[in-house]
Amino acid sequence: MSGPELAGFLLPLGVSALRQATPLVLAGLGGICSERVGIVNIALEGMMLAGAFSGLVAGRLAGPLVGVTVAVTVGMLVGLTHLWATRKLRLNHIVSGVAINLLALHSTTFLLRRLFNQADPPVEARIQTMLPTALFTGLALALVVVFHLLLYYTPLGLRVRAVGESEADTRMAGIDTARVKMMGLAASGVLAGLAGAYLSLAQVGRFSDDMVSGRGFIALAAVVCGRWTPLGMAAAALAFGAFDALQFQLQGSVALPGELLRSIPYIATVVAAMALRPRPPADLGRQEE
Amino acid sequence: MQSITKRYPGGVVANDAVSLTVLPGTAHAVVGENGAGKSTLMGVLYGSIRPDSGSIEVSGSPVTLRRPADAIRHGIGLVTQHTTMIPALTALDNVLLGFEPSRLGVLDRRMGRNRVEELSAQAGIEVDWGASADALSVAALQKAEIVKALYRGARVLILDEPTATLAPAEADRLFAVVHGVVASGASVLFITHKLREVLDHSDHVTVLRGGAKAGDRVTAETCADELVSLMLGSDRSVAHSVEATPEASRRSELALQVSSLTVRGRGGRPAVHSADLSVRAGEVLGVAGVDGSGQRELAEAVVGLRSAVSGSVTLCGEDVTARSVASRAAAGLAYVPEDRHREGLILDFDLSENLLLGRHRDASAGGGRFLQRRRVLADAARLLTEGGVVSAGATAPASSLSGGNQQKVVVARALARRPRALVAMQPTRGLDVGASAAVYDAIRARTAAGMGVLLFSLDLDELREVSDRIAVMYNGRIAGVLDRDDAAMDQLGKLMTEGRP
């Protein structure tokens, strides 16, 4: 391959990788916010889906920026629901996460039929003016730096890390741990909702059934591979995004099935779990006495 | 600061109308047996337990403590028995947590560090503040906890059994810090079982018994005998019921032999180097040593929980080095682990289930392919009676028992199979005089029948009372083995801290 040819291959690949990584980075930050305060968050998928759908509906009615605001608010409410279910109802974190994911999947599918596809006359779940993806990508990368600084160089960050390691000890240090957890889950929902809004309002401009299709789980995988740190997670998310982009580029030209390439994030997570020995926050998933 | 008055009368049985007053600039000891309500009292003082009635006054004005944050605001600091330092954070971050100095919203670690170092210098404490908390020793963590309380402006420092896990020399250093804190005008309230600490280091003492106050004394005007009779509620004097095994039951054959055993500890670091020990049938071999000298790894390697790098373990002449835990147990090796909550019992299980664990293949205990519930219960009831366990019966959850009774259950289970050798890790840790004696009575009954005991303890007084011989571990090696009659305190201390006599 000659120089210009290589550039012609790599440049679109890089742009595509960033586009694919953006929702993973945003949702991954959401995963960090939740898991660092001790709440296992497999509900990222559901939060993204709820954000994507509500964002699109609101976006159609009142413009894409209102759509983003609504997506973020809905995401936050779902995040706080997860907290309420695990803390007040004392549900197992995984059970609550699965419930939220199923609820989000089926309610958005149902509403999509009711409000759009089977409406009389049918309406397309699509918006006319899409937001630029670069806006979200830039925001996502900036937020990675912001959260890194927040987590390691501010009092709030110290408290967040402490709560995730041991809520009981943190309370003994005189901290209102319930408040810290609430902030963590609210932020988690906001970020996952934003990731959802990116999908429906910027990347494709419409909503379809199960459009998140596993990105929430891949974001969580990036959190694990990145050892629950913003910088590590972002690096993992970018790598996953690159694999995804590569898969699009190679489609048709290489004999490898797309499914195999798409499973790379999951394989990478398993390898990372074995090779990096990531140490999750010590209190992650702990149900309080 | 004026005189501090705290009163808690409680409807709770744990604390029945207990009042106590701590004067500024004094060290005040609280003593009592297990279950006397000491920890509850401290929890109320720190806002982690709410009293049903009663009031607390700090410097003459009444305060309400709903959560630890309230107590901290009123100048009360608590150093708990187990550290509350978060392992993944640095010692410095642990101290600053909740009271972080910041500039423009950014955590100012340098400012925090200066303040922390200033306070620790005043109190005569040295800690590596940059190290993560899990790299610090128990003693260092405790000192860091004291600084943490002082950093929060504590004028009343509560220490809950501060020396329970410390070696004697470390305990002395801790009390030097306590005296420094008191000299600065603050007050220290410490809970302990050890009368010597009360007599040596306190100005006033409050004795609790069964949740109620049994008496207040000025330390200089009381003596050990008086305190014991207050604690026990009768005029029983200190006479310890624990004695060494009678010579007659000691035999020549070996119950347990450990030969050049080398064991790796956490993270693969060598923890035990070529240890040699032999326990004769009917003998109690005590193992002394500063906490973390390799005792845990040695004990676990002997019972089979940890594999040895080299060397051998021989049980009654039979090499069991390659055998599993279950197979060693079946061959007559029993184990009383160090932490009864995490390793000894499943707290949510009932007593019959806990007693069955490890014996679940024994038909005589109701085990086997299918459990025979009725036999399990009958067997458990028998063991509970024999073990003198005070409980609501075999179906009571293990969590409902007091610490002393829980330990009796662990010991009863270990001895139920009539083992030929017993490995016991600090079997009386956190127990009062009465419960300790009961535990040793049970062990001694089997020792008389020829069981050999390998007893690990941090309490030298106890080791000297119950052991026939005492081995001292230092840095993973057996530094020496002394006969009980030759084991003078200073000699043991020197072996423990320097590794040579």
message: Here are the criteria: (1) aliphatic (A, V, I, L, M); (2) away from chain B (no Cβ under 14 Å); (3) open to solvent by 30 Å² or more (accessible area, probe 1.4 Å). Tell me which single one A:A178 does not satisfy.
response: (2)
- prompt: What's the number of the condition B:L463 fails, among (1) buried (at least 21 other Cβ atoms within 10 Å of the Cβ); (2) assigned to a strand (DSSP E or B)?
  reply: (2)
task: Take the residues in the range B:93-131 that are of a type outside the set (G, A, S), touching a residue at least 40 places away in the same chain (Cβ under 8 Å) and more than 11 Å from every other protein chain (Cβ to nearest Cβ), then tell me which one is surrounded by the most Cβ atoms within 10 Å (Cβ to Cβ).
output: B:I125
query: In the set B:L384, B:L355, which member is out of contact with any helix residue (DSSP H, G or I) (no Cβ under 6 Å at 6 or more places or on another chain) and surrounded by 15 or more Cβ atoms within 10 Å (Cβ to Cβ)?
result: B:L384
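This table checks each residue for (1) more than 14 Å from chain B (Cβ to nearest Cβ); (2) open to solvent by 20 Å² or more (accessible area, probe 1.4 Å); (3) at pLDDT below 95.
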| position | (1), (2), (3) |
| --- | --- |
| A:L105 | yes, yes, no |
| A:L115 | yes, yes, yes |
| A:D120 | yes, yes, yes |
| A:G138 | yes, yes, no |
| A:L141 | yes, yes, no |
| A:L156 | no, yes, no |
| A:R159 | no, yes, no |
query: Any idea which residue in the range A:181-210 is nearest to the other protein chains (Cβ to nearest Cβ), counting only those that are within 21 Å of A:A140 (Cβ to Cβ) and of a type in the set (S, T, N, Q)?
result: A:S188
- prompt: For the range A:192-206, how many residues are open to solvent by 10 Å² or more (accessible area, probe 1.4 Å) and either out of contact with any strand residue (DSSP E or B) (no Cβ under 9 Å at 6 or more places or on another chain) or hydrophobic (A, V, I, L, M, F, W, C) (or both)?
  reply: 3
query: Looking at the range B:134-162, which of its residues are surrounded by fewer than 23 Cβ atoms within 10 Å (Cβ to Cβ), outside any helix (DSSP H, G or I) and more than 14 Å from every other protein chain (Cβ to nearest Cβ)?
result: B:L136, B:S137, B:R155, B:E161
- prompt: in a loop (DSSP other than H, G, I, E, B) and touching a His at 6+ places or on another chain (Cβ under 9 Å) - does that describe any residue in the range B:324-336?
  reply: no
- prompt: If you go through the range B:178-193 one residue at a time, do you hit one that is free of Cβ contacts under 8 Å to residues at least 60 places away in the same chain and of a type outside the set (K, R)?
  reply: yes
- line: Subset of the range A:13-69, residues part of a helix (DSSP H, G or I) and among the β-branched types (V, I, T), comes to A:V15, A:T22, A:V25, A:I32, A:V57, A:V66, A:V68, A:T69
task: Kindly provide the set of residues from the range B:395-412 that are open to solvent by less than 50 Å² (accessible area, probe 1.4 Å) and either in contact with a strand residue (DSSP E or B) (Cβ under 7 Å, 6 or more places away or on another chain) or in a helix (DSSP H, G or I) (or both), ordered by number.
output: B:A396, B:A398, B:G403, B:G404, B:N405, B:Q406, B:Q407, B:K408, B:V409, B:V410, B:V411, B:A412
task: For the range B:57-67, indicate whether the set of residues that are open to solvent by 10 Å² or more (accessible area, probe 1.4 Å), within 11 Å of chain A (Cβ to nearest Cβ), touching a residue at least 40 places away in the same chain (Cβ under 8 Å) and not hydrophobic (A, V, I, L, M, F, W, C) is non-empty.
output: no
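The values are calculated or read from the model by the stated rules, or taken from the named source; none is laboratory data. Keep in mind the model is a prediction, meaning the values are calculated, not measured. As a convention, Cβ positions derive from the backbone with ideal geometry for all residues, glycine included, and neighbour counts pool all protein chains shown. For accessibility, only protein heavy atoms count, side chains too; no ligands or nucleic acids. Shrake-Rupley method; radii C 1.70, N 1.55, O 1.52, S 1.80 Å.
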